[in-house]
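What follows is a short report on a single structure.
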Amino acid sequence: MNKFLLLFLMSCYGFSQSEYPQDYFRNPLDIPIVLAGTFAELRSSHFHGGLDIKTRQKQGLKVYASAQGYVSRIKISHFGYGKAIYITHPNGYTTVYGHLQKFSDRLERYIKDCQYDKESFEVEVFPNPSELPIQSDEVIAYSGNTGGSAGPHLHFEIRDNQERPINPMLFGLDVKDTKAPYVSAIFAYPKDENAIINGKNERVQLRLIPQKNGNYEVEKITAYGNIGFGVTSYDKQDMAPNNNGVSNIQTFFNGNKSLEIDFKRFSFDETKHIKRLIDYEYYKTKRARIQKLFIQKNNPLSLYKNAYDNGYIKVEDSTSSVYKIRIRDYKDNETWVSIPVKGAYQPIEDKITDVSNKSIVYSDKSTVLESDNIKVNFYANTLYDDTYIDFRVSSDTLFLDEDKIPLQKNFYINYDLSNYKTEDLDKLFIARLYGYYKRPSYVYTKRKGNALSAGSKVFGTFTLAMDTVPPTIKPVNFQDKKWLSKYRYLKVKIDDDLSGISKYRATVNGEWILMEYDYKTKTLVHDFNDNIVKDTKNELKIIVTDNVGNSSTFEAIFFRK
Ligand SMILES: [Zn+2]
């Protein structure tokens, strides 16, 4: 190789590595990193913003500051990251630690003060840089399972100064991974009505032939016109069986670059457009995510690079070509898929799609669908494509196609209730019927006079439901008029049958007490170590309200000394 070319290549390589500081951020746990989830892996409605680090199926592992800095944000929420800490570092990056069980004593005191001040378990605070400085290797919290976490683990993120999450692996964190990604399915897609794949003008699953070296051949296809491909692929690391995400996908047509998808960094405003990257209809029906290797209109994702003709290839008559896919993980283990393409014009029968019973919703302008007392508003850019949808109304039930069409944002359902008895109005809400049993689930409903409205980002069947039953409140570890001197915790179970719990408030002798709510176990827990309950005779009062305003009050007396 030419000496100058070599130097040039080395400097390019060097640049890409030094773009992110190496060995600056430490493993936030003191056990080796084993991943339950990788950066940017495909989740139900977003790309994963960090690493999910396994905590040996337990809670309470020490969580260390990944580097020196200061606590710039603490957020406690019922859902999402649960209890989370954000540490901003002198180099401008912020590390995020989520689903924590509890904070270190110093941070715990700080946040409890805020909670008692605001009389709320859910809080979000942004301390000044001087308030909570953090030393390197300081224990900041204990790992847990709070918020929307399905099992104990630590969610760890590194964000840049524009709040964009970056793959923490780029900073030199070590995870053992010697296995190349694997491919479970390959598909070809026609770009338009003139394209043909194996005689068809629709998505076609291709036959994968795994090779001994880990790569894949695909049975030769016959095609004509503009087509694209899709791949279902995963990566596994060495110490866990989890199917995790891949880091980079490149495609080549006859040796020329066609498209690259790079999962190193994204921004939170674009994460919802995962619905445009994957084949949403296939995901909703088959539960597997095909990553489309072509870019359709209204796709603003910044993950694409080097796209030639948006990743589509043009197959001409009487040609012989090869399309290749290279899939890499974060350790640069790679897997290739090779698809031989024979170009041959084949006539196809005209497809007749009957849309006479359907209603069109435009993507670039607003659309209103209306029938009887129900009106549905779609603002511009709610859908990705102009789409014919199934829209029917039968008494109070609105049939709005199925959750197979991706949406960029909410559409709005409006019910006019002028014909309802006024005494029923406040207990009504808009529900989405879901699952096999068509169970009604509450959709956040606003009321204005005789109208109810709700936004939804998924199609499906909606109806009016009525909730007249207040929530239930049951003590878990105590009874009325008992001595609880030796108790550390006060626990109650709260539940609501239909619209769901909207708020709760607990007091002892009239003073607000912090009760932590875990929606997964439906429990409220007070820790007597908060040192708020100091009297001998105590009157506990808990009020729980559901989403339409039914409320229950629980009262009990307990003694402590
Ligand atoms: Zn996570």
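Please treat every number below as a calculation from the coordinates, not as lab data. Owing to the predicted nature of the structure, the values given are computational and were not obtained by experimental measurement. Glycine also receives a Cβ, built like all others from the backbone with ideal geometry; neighbour counts cover every protein chain displayed.
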Regarding the range 359-400, what are the three Cα extents along the principal axes, ordered largest first, in Å?
30, 15, 11
Find the percent of Cα-Cα distances in the chain that exceed 46 Å, and round it to a whole number.
27 percent
How much length, in nm to one decimal, is gained on full extension between ASP518 and SER551, taken as 0.36 nm per residue of separation minus their Cα-Cα distance?
10.0 nm
Taking the Cα centre of the range 247-296 as origin and charging only Cβ (+1 Lys, Arg; -1 Asp, Glu), how large is the dipole, in debye to the nearest 20?
220 debye
Explain nothing, just compute: Karplus ³J(HN,Hα) = 6.51 cos²θ - 1.76 cosθ + 1.60, θ = phi - 60°, for every residue of the range 64-69 in order, whole Hz, x for Gly and Pro.
9, 4, 6, 6, 5, x
19 Å reach of a label modelled at ARG447, 7 Å along Cα-to-Cβ, counting backbone N of the range 404-433
413-432
FRET E, pair ASP317, GLU219, Förster distance 22 Å, beta-carbon r, rounded to 0.05
0.60
If you place +1 on the Cβ of every Lys and Arg, -1 on the Cβ of every Asp and Glu, and leave all else neutral, what size is the dipole of the range 388-430 about its Cα centre, to the nearest 20 Debye?
120 debye
Only helices counted: for the chain, with every DSSP H run of 4 or more residues adding -39500 (n - 2.57) and the sum spread over all residues, [θ] at 222 nm is -2500 deg cm²/dmol
What is the Rg over Rh value, at two decimals, for the range 424-486, using alpha-carbon atoms and the Kirkwood definition of Rh?
1.24
With R₀ set to 60 angstrom, the calculated FRET efficiency between the beta-carbons of LYS561 and LYS212, to the nearest 0.05, is 0.20
When the dipole is taken about the Cα centre of the chain, and only Lys, Arg (+1) and Asp, Glu (-1) are charged at their Cβ, what size is it in debye, to the nearest 20?
1180 debye
If I histogram all Cα-Cα distances within the range 89-197 using bins 10 Å wide from 0, what percent of pairs lands in each bin?
10, 28, 30, 12, 11, 7, 2
Size of the range 359-431 as Cα extents on the principal axes (Å, biggest first):
42, 20, 19
Just rank ILE196, ILE360, fewest to most, by other beta-carbon atoms within 10 angstrom.
ILE360, ILE196
Report the calculated FRET efficiency for PHE126 and ASP105 (r = Cβ-Cβ distance, R0 = 25 Å), to the nearest 0.05.
0.75
Candidate cut points under trypsin sites (Lys or Arg not before Pro) in the range 318-393, DSSP loop plus at most 13 other Cβ atoms within 10 Å of their own Cβ, are LYS351, LYS365
Kindly put HIS155, HIS78 in sequence by how many other C-beta atoms sit within 10 Å of each C-beta, fewest to most.
HIS78, HIS155
Packing-based exposure ordering (other Cβ within 10 Å, fewest first) of LEU417, LEU383, LEU293:
LEU417, LEU383, LEU293
Where in the range 353-383 is the amide nitrogen less than 11 Å from a point lying 7 Å along the Cα-to-Cβ axis of ASN419?
372-374
